Amino acid sequence: MAAFDVIVIGLGGMGSAAAYHLAARGLRVLGLDRHAPVHSYGSSHGQSRIIRQAYFEDPAYVPLVLRAYELWEQLEHDTGTSLLTITGGLMIGAPASAVVAGSLRSARAHGIRHDLLDAADIHRRFPPLMPPTTVVGLYEHQAGFLQPEATVRAHLRRAVDLGATMHFAEPVMAWNASPTGDSVQVTTARDWYEAARLVIAPGAWAPDLLADLAVPLQVERQVMCWFDPRGGIAPFLADRFPIYIWELDDGTAFYGFPAHAGPRGGVKAALHHGGDLCTPHTIQRAIHADDIDRVRRAVAERVPALNSTCLHAVTCMYTNTPDHHFIVAAHPRHAQVTIATGFSGHGFKFASVIGEILADLATDGTTQHPIGLFTPQRFS
Ligand SMILES: Cc1cc2nc3c(=O)[nH]c(=O)nc-3n(C[C@H](O)[C@H](O)[C@H](O)COP(=O)(O)OP(=O)(O)OC[C@H]3O[C@@H](n4cnc5c(N)ncnc54)[C@H](O)[C@@H]3O)c2cc1C
């Protein structure tokens, strides 16, 4: 008999949540990660992640994000830590832009409380934002941000408290699923393990561990910048400034956060997509002047206070699917293997509910949550 019921490969945003939900159901869980707990080599670091409900990408995400909020609050309660800050959120762009029109569609479909603002309203309510008269904003009240490092740490801690075994700095080299569907073998740089089920949540390393899936994933280098705002930090404080996503006329977008106490302070802003393609093995982690200039050019006339000194910048990776919807499913050929990847730069807010879904799939082979959009078979 296997010493573990389930092995979870990858203990970042998604895998840490899966390990927690599996351990909470009384399963014997082994978690494996190639890096130390809560590291900055993958996709779940950088102090803040947007969470919002009027989901412009597709209304199908709304029930999932509503459940995610419940689970984040539960995790805060169980660990006595603050993980989620509600600030309100502003989706800015031309009325027909994907960000504005898509958010409005989801808000209307799901009855999400929102206000429609014209450019003058936006500037009056949030003085650092200087929108041209051609843009509008959809303001949603329950948006805000999560602290990614703290949430990964909280899920890991809960999983261990509930009996999970965690091995860090132990890369998985290979996994095998028995043809009978009842066991898996996992080989790491150090050892060999067996279990009944396997959850693979490898983030940007998916092409290494899920090569046989034949999903054309593209890993994209992204840079987050923290600026020292001209005129001081006060107008950016979280009690008066929202998270925002701003789509430009050419379809590119940037986003930002209120000031949030991090190790080096500052106000974070970044471009959404448009980064160089890379792999976790080849990514240029050094920051170049051009990385920061690209963000400065986006904010220069729109959030001019951030056209300022960059205090700190760091890389991160998006793992993109062709349609930018996630992959969360049973492995198409191995019923005892569950996979989660391709979060395409917008997965973190869902990590808590993805953990619940992965635990459902690994234990029951099915879930009540609507995940039809996330099947890998859509690419075949
Ligand atoms: C700059 C940036 C901004 C973002 N902003 C937002 C946002 O505002 N809102 C939002 O919702 N989402 C956002 N996202 C997306 C979100 O952060 C990701 O979708 C999410 O973090 C992905 O989590 P993951 O668990 O798939 O990957 P990761 O957290 O990277 O975890 C993967 C783990 O697998 C481990 N691993 C890989 N291969 C192996 C192996 N062979 N053996 C053992 N372990 C292995 C890695 O070490 C890693 O710990 C952003 C992402 C970035 C990069």
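Please treat every number below as a calculation from the coordinates, not as lab data. From a predicted model like this one, the values you see are computed outputs, not experimental measurements. Neighbour counts run over all protein chains shown; Cβ positions are idealised from the backbone, glycine included.
The figures follow:
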quantity	calculated
Residue check for Pro179: without any contact (Cβ under 8 Å) to a residue 40 or more places away in the chain and either more than 30 Å from Ala305 (Cα to Cα) or β-branched (Val, Ile, Thr) (or both)	yes
Test: Ala54 is in a helix (DSSP H, G or I), over 13 Å from the mean Cα position of the chain (by Cα) and touching a residue at least 12 places away in the same chain (Cβ under 8 Å)	no
Residues of segment 37-61 satisfying the condition of being surrounded by fewer than 20 Cβ atoms within 10 Å (Cβ to Cβ) and under 17 Å from His325 (Cβ atoms)	Glu57, Asp58, Pro59, Ala60
Unmet criterion (only one of (1) within 16 Å of the ligand (Cβ to nearest atom); (2) more than 22 Å from Asn320 (Cα to Cα); (3) basic (Lys, Arg)) for Arg197	(1)
Residue within segment 314-323 that is over 14 Å from Glu220 (Cα atoms), more than 11 Å from the ligand (Cβ to nearest atom) and surrounded by fewer than 22 Cβ atoms within 10 Å (Cβ to Cβ) present	yes
Listing of strands (runs of 3 or more DSSP E) fully contained in segment 240-344 that carry 1 or more residues being charged (D, E, K, R)	243-247, 267-272
Condition check for Pro216: away from the ligand (no atom under 14 Å from the Cβ) and within 20 Å of Ile122 (Cβ to Cβ)	no
Residue check, Ala60 more than 9 Å from the ligand (Cβ to nearest atom) and not in a loop (DSSP other than H, G, I, E, B)	yes
Some residue of segment 334-347 being farther than 18 Å from Ile245 by Cβ, away from the ligand (no atom under 15 Å from the Cβ) and either out of contact with any strand residue (DSSP E or B) (no Cβ under 9 Å at 6 or more places or on another chain) or hydrophobic (A, V, I, L, M, F, W, C) (or both)	yes
Cβ pairs under 6 Å, 6+ apart, first in segment 3-14 and part of a strand (DSSP E or B), second within 6 Å of the ligand (Cβ to nearest atom) and of a type in the set (A, V, I, L, M)	Ile9/Leu32; Ile9/Val172
